[in-house]
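Structure first, then comments.
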Amino acid sequence: MNDRRDSLSALPLRENLRGKSPYGAPQKSVPFALNVNENTHPLPEAVQETIVGKVASVVGGLNRYPDRDAVELRSELADYLNAQVQGIDLAYENVWAANGSNEILQQILQTFGGPGRALLSFTPTYSMYPLLAAGTDTDYVAGTRGSDFSLTQESALEQLAEAEPAVVFLASPNNPTATALGPDVIEALYEASEPYRTMIVVDEAYAEFARDSTRSALRLLKGRERLIVTRTMSKAFGLAGARLGYLAAAPHVVDALQLVRLPYHLSAVTQAVALGALAHAEDLLATVDDIRAQRDRIEATLRELGFSPAVSDANFVFFTGVRDSQALFEALLDDGILIRDVGIPNSLRVSAGTREETDAFLTAMRRLAPEHVLPAGNGASAEPPATDSPTPDIAKDTTR
Ligand SMILES: Cc1ncc(COP(=O)(O)O)c(C=O)c1O
């Protein structure tokens, strides 16, 4: 492996790729894989049948390129969002789709980032952001959060003024902390970034799992041409393997992305699979309530055991108060349970799975807790993560 790494660095690589590692969450075959925030519920049979039917209907035409503009799919995605959040009135011209929201984020940077321009995000956050920046030759500014991982409006605005970025990525709910950002922070960042014409991107990969009081940034789109909201079918829809991400924005932002998208980037098969799944949106999203219940169980039990979990708006829980992250990670793996060490001392992240998977995780944690809880007052941080920006009196949103 070292030889390979040496050979790699001997290549005429672009300077900003030197020394970088590719995204590499472990893909281990274990009984309980709770490490990459997938929806672990298998697709219901009726949904599988519809998807197979949709795919069968395009197979005969695979000698031709697919619909380059994916108009039917974008219309269905707009309808789905309109049904989720009242009053947003999106048309297909407001929606763009690609192979996972990772590709959507990459296209945004290809369009609005690039050499001499900066991407700002607030760490800890989604580990792909710096890699997407490097891949598009965009400078990456690793903004910070408070010691409890919260992001206040004041701090966000200060860091924006310092960086004057071309693009800001705000994951809400954030990965790995699972906390959502208040619309007040997003609105303030949008207003304050007018002098720099910054594209403000809210990455809502986990929005469907949010608590009822958490609002989607989709409501802020009207009249804000520099605002983009990204979504994915990988999480709530349980379609991580199909690779379908999308965004909502002003129609001319969608037009701008056409300048960088590869021709026919979204295969006819991918479009058919996504259309089949959208036809069953209700059946697929039926698992969301169960996942939220398992997430709340994880949060409550970890707190009871002496750890400090964040209040989660996602399908996973981030917790601090771990004596040695790697040791607890390994102890769980010995039980066949794979969770995620995100590299933050004294912390780990676990996805909320089915009831059975959650039972397995919590049973192991009850046994392991006495040895692995960080004793109070030992100096290391066991501070519970806070909500990014609490907005207690906001109206109940239909978006989860
Ligand atoms: C915050 C966030 N955004 C985007 C993604 C990418 O999802 P996908 O490319 O599967 O749509 C992930 C995946 O884990 C994520 O955590």
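The values are calculated or read from the model by the stated rules, or taken from the named source; none is laboratory data. Predicted model, so just to flag it, every value in this text is computed and none were measured. So basically every Cβ, Gly included, is an ideal-geometry build from the backbone, and we count neighbours across all protein chains shown. Areas reflect the complete protein model, heavy atoms only, side chains present, ligands, DNA and RNA absent. Shrake-Rupley method; radii C 1.70, N 1.55, O 1.52, S 1.80 Å.
Is it fair to say residue 120 is in a strand (DSSP E or B) and either open to solvent by less than 40 Å² (accessible area, probe 1.4 Å) or under 26 Å from residue 314 (Cβ atoms) (or both)? Spelling it out, residue 120 is indeed in a strand (DSSP E or B) and either open to solvent by less than 40 Å² (accessible area, probe 1.4 Å) or under 26 Å from residue 314 (Cβ atoms) (or both).
Of the helices (runs of 4 or more DSSP H) lying entirely inside the range 249-327, the ones with 2 or more residues being polar (S, T, N, Q) and touching a residue at least 40 places away in the same chain (Cβ under 8 Å) are found at 268-278, 281-304.
Identify, please: which residue in the range 41-51 is in contact (Cβ under 8 Å) with a residue 40 or more places away in the chain and over 21 Å from the mean Cα position of the chain (by Cα) and is, among those, least open to solvent (accessible area, probe 1.4 Å)? Step by step, filter the range 41-51, then rank; the result is 47.
Where in the range 131-203 are there strands (runs of 3 or more DSSP E), lying wholly inside it, with at least 3 residues that are under 17 Å from residue 216 (Cα atoms) and at pLDDT 95 or above? Walk me through how you get there before you give the answer.
Numbers: elements: 139-144, 167-171, 199-203.
Where strands (runs of 3 or more DSSP E) fall fully within the range 131-203 and carry at least 3 residues being under 17 Å from residue 216 (Cα atoms) and at pLDDT 95 or above, they are 167-171, 199-203.
Against the criterion of being in contact with a helix residue (DSSP H, G or I) (Cβ under 7 Å, 6 or more places away or on another chain), without any contact (Cβ under 8 Å) to a residue 24 or more places away in the chain and part of a helix (DSSP H, G or I), residue 75 qualifies.
Here 15, 38 are screened, and the one residue that is open to solvent by 70 Å² or more (accessible area, probe 1.4 Å) and in contact with a Gly (Cβ under 9 Å, 6 or more places away or on another chain) is 38. When the range 27-42 is limited to residues that are within 16 Å of the ligand (Cβ to nearest atom) and more than 18 Å from residue 102 (Cβ to Cβ), the one that is modelled with the lowest pLDDT turns out to be 40.
Please find, within the range 18-35, the residue that is surrounded by the most Cβ atoms within 10 Å (Cβ to Cβ) out of those that are part of a loop (DSSP other than H, G, I, E, B) and among the aliphatic types (A, V, I, L, M).
Applying the first criterion (part of a loop (DSSP other than H, G, I, E, B)) to the range 18-35 yields 18-31, 34-35.
Filter once more, so that each one left must be among the aliphatic types (A, V, I, L, M): 25, 30, 34.
Details: 25: 12, 30: 14, 34: 25.
Among those residues, the one meeting the criterion is 34.
Of the residues making up the range 51-70, just one is in a helix (DSSP H, G or I), closer than 25 Å to residue 91 by Cα and of a type outside the set (A, V, I, L, M), namely 54.
Given 134, 188, 180, which one is away from the ligand (no atom under 16 Å from the Cβ), farther than 21 Å from residue 23 by Cα and among the aliphatic types (A, V, I, L, M)?
Numbers: 134 fails: farther than 21 Å from residue 23 by Cα; 180 fails: away from the ligand (no atom under 16 Å from the Cβ).
When all the criteria are applied, what remains is 188.
Return yes when residue 349 is over 21 Å from residue 28 (Cα atoms), charged (D, E, K, R) and either surrounded by fewer than 17 Cβ atoms within 10 Å (Cβ to Cβ) or in contact with a Lys or Arg (Cβ under 7 Å, 6 or more places away or on another chain) (or both) and no when it is not. No: the conditions fail for residue 349.
Right, residue 121: within 18 Å of residue 229 (Cβ to Cβ) and within 16 Å of the ligand (Cβ to nearest atom) or not? Outline the logic, then answer.
Values: within 18 Å of residue 229 (Cβ to Cβ): yes; within 16 Å of the ligand (Cβ to nearest atom): yes.
Judged against the criteria, residue 121 is a match.
Among the residues of the range 125-144, just one is of a type in the set (Phe, Trp, Tyr) and either open to solvent by 50 Å² or more (accessible area, probe 1.4 Å) or at positive phi (or both), namely 140. Residue count for the range 209-244, restricted to those that are over 21 Å from residue 70 (Cβ atoms), away from the ligand (no atom under 13 Å from the Cβ) and either without any contact (Cβ under 8 Å) to a residue 40 or more places away in the chain or outside any loop (DSSP other than H, G, I, E, B) (or both): 8.
Among what's in the range 75-99 and is away from the ligand (no atom under 16 Å from the Cβ) and of a type in the set (Val, Ile, Thr), pick the residue that is nearest to residue 210 (Cα to Cα). Spell out how you get there, then give the answer.
First pass over the range 75-99, keeping only residues away from the ligand (no atom under 16 Å from the Cβ): 75-76, 78-79, 82-94.
Subset that is of a type in the set (Val, Ile, Thr): 85, 88.
Working: 85: 13, 88: 18 Å.
In this case the residue turns out to be 85.
Which ones in the range 297-325 are farther than 16 Å from residue 150 by Cα and among the polar types (S, T, N, Q)? It would help to see each step written out before you state the result.
As a first pass, look at the range 297-325 and keep what is farther than 16 Å from residue 150 by Cα: 297-307, 315-316, 321-325.
Passing the criteria: 301, 315, 325.
Given the residues 158, 164, which is the only one that is away from the ligand (no atom under 14 Å from the Cβ) and free of Cβ contacts under 8 Å to residues at least 24 places away in the same chain? Exactly one residue qualifies, and that residue is 158. Being open to solvent by less than 80 Å² (accessible area, probe 1.4 Å), in a loop (DSSP other than H, G, I, E, B) and at pLDDT 55 or above is the filter here, so list the residues in the range 352-383 that pass it. Selection gives 352, 353, 354, 374, 375. Right, residue 109: within 16 Å of the ligand (Cβ to nearest atom) and either assigned to a loop (DSSP other than H, G, I, E, B) or open to solvent by less than 90 Å² (accessible area, probe 1.4 Å) (or both) or not? Spelling it out, residue 109 is indeed within 16 Å of the ligand (Cβ to nearest atom) and either assigned to a loop (DSSP other than H, G, I, E, B) or open to solvent by less than 90 Å² (accessible area, probe 1.4 Å) (or both).
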